[in-house]
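K.L.:
Would you mind keeping the following structure in view while I ask a few things?
The values are calculated or read from the model by the stated rules, or taken from the named source; none is laboratory data. Just so it is clear, the model here is predicted, and its values are computed rather than measured. Cβ atoms come from the backbone with ideal geometry, glycine included; neighbour counts cover every protein chain shown. Calculation scope for accessible area: heavy atoms of the full protein, side chains included, ligands and nucleic acids excluded. Shrake-Rupley method; radii C 1.70, N 1.55, O 1.52, S 1.80 Å.
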Amino acid sequence: MKARVTAHADYTISQIDDRLYSAFLEHLGRAIYTGIYEPGHPTADKNGMRGDVIELVRALKIPYVRYPGGNFVSAYNWEDGVGPRDKRPTRLDLAWHTSDSNAVGVHEFVDWCDSVGTKPMLAINLGSRGLDQARNFVEYVNGPTGSYWGDLRKANGRAEPFDVKLWCLGNEMDGPWQVGHKTADEYGRLASETAKTLRAFDKSLELVVCGSSHSDMATYPEWERVVLEHTYETIDHVSLHMYFGNRAGNTANYLALNHKLDTYIGTVASTIDFVKAKTRSKRKVTISFDEWNVWYHSNAADRAVLDGKSGWPHAPRLLEDAYNFEDVLQVGCILNTFIRRSDVVRIACIAQLVNVIAPIMTEPGGAAWKQTIYYPYYFASLYGRGTALNLAVESPGYDADIAENVPYLDISGVHDEAGKTATFFAVNRNASDALELSMDLKGFGTPQVIAHQVIEGADLRQVNGLDNQNAVGPKAGTGMSVDGNTLTGRVGPHSYHVIRVKLS
Ligand code: AHR
């Protein structure tokens, strides 16, 4: 089978916002406790943060980490997580039927962000709480000393404002499962007034309003229209979420699901344009895709805790999906979609980062390791920065439940003009046939292949577990070469590739 791609340096989609490679950490399961924070762990730093996890996170060069939820935030009192630890209350977490000691709060989280080289994106509780607490939280985090909240922050050990610029106005407020779920009108009004109030404090904040929890919601995409009509002039991004699963065990259908993601982004982009036109606005609102990942492996195991049969455990194992090789291909396709839609998706957060549907796993008191999906996320974050190329792709395809003629080759390209490189991320969705790739590289000068990494050949169900941490991972690829301006090579069946080209 043959696949032909044309890339031209002048034929581009958008400058990619680095925040496309952000992540998410929620007070859920073991994401925080025994995930990033474990005071007794042999690698723990002076703040009780696991050094082995810091190292794995640091390598990902994550621009922003969203915190503290998620569903958790909709009943969260941020005040519980500040001040002396021994005075912090243990609270019941109504979202996940667990309890939380509040040993980690906003101070510890922002310090951890500094340790791993990332920035915080904080979410506000607009479920059980409202405008007043939102305002107090933002003033506590960013306000000057000499005022009530700034002075309290100083008394709690931090005189300098944290200077957090990116704020989410609630989480999944369209979801009936959410504490404080609202109609689009109710939420739109509240978000608009909250945004107005926060901007009275600081005009430069970047605010994210809740869009749909997923594109199968009955209220989608009317939700976006109504909420944006209330908020268009006061917010910057609309938040979308989507999780992927292969419950039917059908790989071909599973690997076609980024087509649904693409349609979802396109529909919300059109809704943004509609509201912009209707409100005669000059403002550009974009998408914050602040929760995405594969999530289905752990569903059955989680039932007992979620149904309350385990009482109110602290940091139980929840949403601990063990990712396999098939999920590498899926995550590769998802990230390709974000690169191709980087004209409108400005922020995207893999959900989540440690232990909970995460690329990084830990054992309490023991090892930390990379799940299979760590790798496509790592490569995209490192090499997916620059200008997204508008590739012309000719590939044979197949009919899936979600769409007809889904191309076997899923590919994105990024031109790093400063670094004089181009990187192509490619997935072959075909189970049995290789694709003979021929790629014309035009307007780039003289290209030369400098690196080729491949993940292929593993059983689709193979995972990286505690006892076999390196079962699935990248290897140096062979056979990609350039003759003149044409790059050729073999993209094997069910394989993921990173092809890097030096330009001169
Ligand atoms: O990431 C897990 C959960 O998925 C989040 O708490 C919620 O926002 C979404 O439904």
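K.L.:
Any residue in the stretch 474-502 that is open to solvent by less than 10 Å² (accessible area, probe 1.4 Å) sitting within a Cβ distance under 6 Å of a residue that is modelled with pLDDT of 95 or more and among the small types (Gly, Ala, Ser)? List the pairs, counting only those 6 or more apart or interchain.
P.N.:
These pairs meet every condition: 491/426; 492/434; 496/332; 497/426; 501/422.
Let's see how each residue does on (1) open to solvent by 10 Å² or more (accessible area, probe 1.4 Å); (2) assigned to a strand (DSSP E or B); (3) closer than 27 Å to residue 305 by Cβ; (4) at pLDDT 95 or above:
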| residue | (1), (2), (3), (4) |
| --- | --- |
| 3 | no, yes, no, yes |
| 31 | no, no, yes, yes |
| 35 | no, no, yes, yes |
| 47 | yes, no, no, yes |
| 55 | yes, no, no, yes |
| 65 | no, yes, yes, yes |
| 89 | yes, no, yes, yes |
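K.L.:
Those residues that are surrounded by 15 or more Cβ atoms within 10 Å (Cβ to Cβ), touching a strand residue (DSSP E or B) at 6+ places or on another chain (Cβ under 9 Å) and farther than 18 Å from residue 466 by Cα, I need them from the stretch 290-311; list them, please.
P.N.:
Listed by number, the residues that qualify are 290, 291, 292, 293, 294, 295, 296, 305.
K.L.:
For the stretch 394-403, what are the residues that are of a type outside the set (Ser, Thr, Tyr), in contact with an Asp or Glu (Cβ under 9 Å, 6 or more places away or on another chain) and in contact (Cβ under 8 Å) with a residue 60 or more places away in the chain?
P.N.:
Selection gives 396 alone.
K.L.:
Could you grab me the full set of residues in the stretch 364-383 that are of a type in the set (Lys, Arg) and either open to solvent by less than 10 Å² (accessible area, probe 1.4 Å) or over 18 Å from residue 468 (Cα atoms) (or both)?
P.N.:
none
K.L.:
What tally of residues in the stretch 272-309 results from selecting those that are in contact (Cβ under 8 Å) with a residue 24 or more places away in the chain and farther than 24 Å from residue 241 by Cα?
P.N.:
Result for the stretch 272-309: 4.
K.L.:
Take the conditions in a loop (DSSP other than H, G, I, E, B), in contact (Cβ under 8 Å) with a residue 12 or more places away in the chain, aliphatic (A, V, I, L, M) and more than 15 Å from the ligand (Cβ to nearest atom) and apply them to residue 269. Does it pass?
P.N.:
no
K.L.:
Scan the stretch 275-288 residue by residue and report those that are in contact with an Asp or Glu (Cβ under 9 Å, 6 or more places away or on another chain) and either at positive phi or part of a helix (DSSP H, G or I) (or both).
P.N.:
Pass one, the stretch 275-288, residues in contact with an Asp or Glu (Cβ under 9 Å, 6 or more places away or on another chain): 275, 278-279, 281, 283-286, 288.
If the condition is that a residue be in contact with an Asp or Glu (Cβ under 9 Å, 6 or more places away or on another chain) and either at positive phi or part of a helix (DSSP H, G or I) (or both), then 275, 278 are the ones that fit.
K.L.:
Pick out the one residue from 453, 371, 448 that is within 16 Å of the ligand (Cβ to nearest atom) and not basic (Lys, Arg). It would help to see each step written out before you state the result.
P.N.:
Working: 453 fails: within 16 Å of the ligand (Cβ to nearest atom); 448 fails: within 16 Å of the ligand (Cβ to nearest atom).
Going through 453, 371, 448 in turn, the sole match is 371.
K.L.:
What's the number of the only condition in (1) out of contact with any Asp or Glu (no Cβ under 8 Å at 6 or more places or on another chain); (2) within 16 Å of the ligand (Cβ to nearest atom); (3) among the small types (Gly, Ala, Ser) that residue 380 fails to meet?
P.N.:
Of the numbered conditions (1) out of contact with any Asp or Glu (no Cβ under 8 Å at 6 or more places or on another chain); (2) within 16 Å of the ligand (Cβ to nearest atom); (3) among the small types (Gly, Ala, Ser), the odd one out for residue 380 is (2).
K.L.:
Across the stretch 312-363, what is the total count of residues that are of a type in the set (Asp, Glu), part of a loop (DSSP other than H, G, I, E, B) and open to solvent by less than 10 Å² (accessible area, probe 1.4 Å)?
P.N.:
To start, the set of residues in the stretch 312-363 that are of a type in the set (Asp, Glu) comprises 320-321, 326-327, 343, 363.
Pick out the ones that are also part of a loop (DSSP other than H, G, I, E, B) and you get 320-321, 343, 363.
Still in the running and open to solvent by less than 10 Å² (accessible area, probe 1.4 Å): 321.
Number satisfying all stated conditions: 1.
K.L.:
State yes or no: is residue 286 more than 16 Å from the ligand (Cβ to nearest atom) and open to solvent by 20 Å² or more (accessible area, probe 1.4 Å)?
P.N.:
Details: more than 16 Å from the ligand (Cβ to nearest atom): yes; open to solvent by 20 Å² or more (accessible area, probe 1.4 Å): no.
Answer is no for this residue.
K.L.:
Given the residues 319, 391, 382, 335, which is the only one that is in contact with a strand residue (DSSP E or B) (Cβ under 6 Å, 6 or more places away or on another chain) and at pLDDT 95 or above?
P.N.:
Of the residues listed, the single one that is in contact with a strand residue (DSSP E or B) (Cβ under 6 Å, 6 or more places away or on another chain) and at pLDDT 95 or above is 391.
K.L.:
Can you pull out every residue in the stretch 32-51 that is under 26 Å from the mean Cα position of the chain (by Cα) and of a type in the set (D, E, K, R)?
P.N.:
Within the stretch 32-51, 38, 50 qualify.
K.L.:
Let me ask another. With respect to residue 94, determine if the residue is within 16 Å of the ligand (Cβ to nearest atom), closer than 15 Å to residue 26 by Cβ, modelled with pLDDT of 95 or more and open to solvent by 10 Å² or more (accessible area, probe 1.4 Å).
P.N.:
Taking the combined requirement at face value, the residue satisfies it.
K.L.:
Just need a number here: residues in the stretch 384-405 that are crowded, with 22+ Cβ neighbours inside 10 Å and part of a strand (DSSP E or B).
P.N.:
Counting residues in the stretch 384-405 that are crowded, with 22+ Cβ neighbours inside 10 Å and part of a strand (DSSP E or B) gives 2.
K.L.:
Next question, about the same structure. May I ask you to verify whether residue 239 is within 15 Å of the ligand (Cβ to nearest atom), within 24 Å of residue 337 (Cβ to Cβ) and not in a strand (DSSP E or B)?
P.N.:
Against the criterion (within 15 Å of the ligand (Cβ to nearest atom), within 24 Å of residue 337 (Cβ to Cβ) and not in a strand (DSSP E or B)), residue 239 does not qualify.
K.L.:
Identify the residue in the stretch 9-31 that is within 17 Å of the chain's Cα centre (by Cα) and among the hydrophobic types (A, V, I, L, M, F, W, C) and, among all such residues, is farthest from the ligand (Cβ to nearest atom). Write out each step before concluding.
P.N.:
Start the filter on the stretch 9-31 by keeping residues that are within 17 Å of the chain's Cα centre (by Cα), which leaves 16-28, 31.
Among the residues that remain, those that are also among the hydrophobic types (A, V, I, L, M, F, W, C) are: 16, 20, 23-25, 28, 31.
Numbers: 16: 24, 20: 18, 23: 11, 24: 7, 25: 10, 28: 6, 31: 9 Å.
That would be 16.
K.L.:
Inside the stretch 73-86, can you point out the residues that are part of a helix (DSSP H, G or I), within 12 Å of the ligand (Cβ to nearest atom) and either open to solvent by 10 Å² or more (accessible area, probe 1.4 Å) or farther than 19 Å from residue 129 by Cα (or both)?
P.N.:
Residue satisfying the conditions is 75 alone.
K.L.:
I'd like the full set of residues that are within 27 Å of residue 247 (Cα to Cα) and either open to solvent by 30 Å² or more (accessible area, probe 1.4 Å) or of a type in the set (S, T, N, Q) (or both), limited to the stretch 413-429. Explain how you work it out, then say what you get.
P.N.:
Our first condition is that a residue be within 27 Å of residue 247 (Cα to Cα); within the stretch 413-429, this holds for 425-429.
Residue satisfying the conditions is 428 alone.
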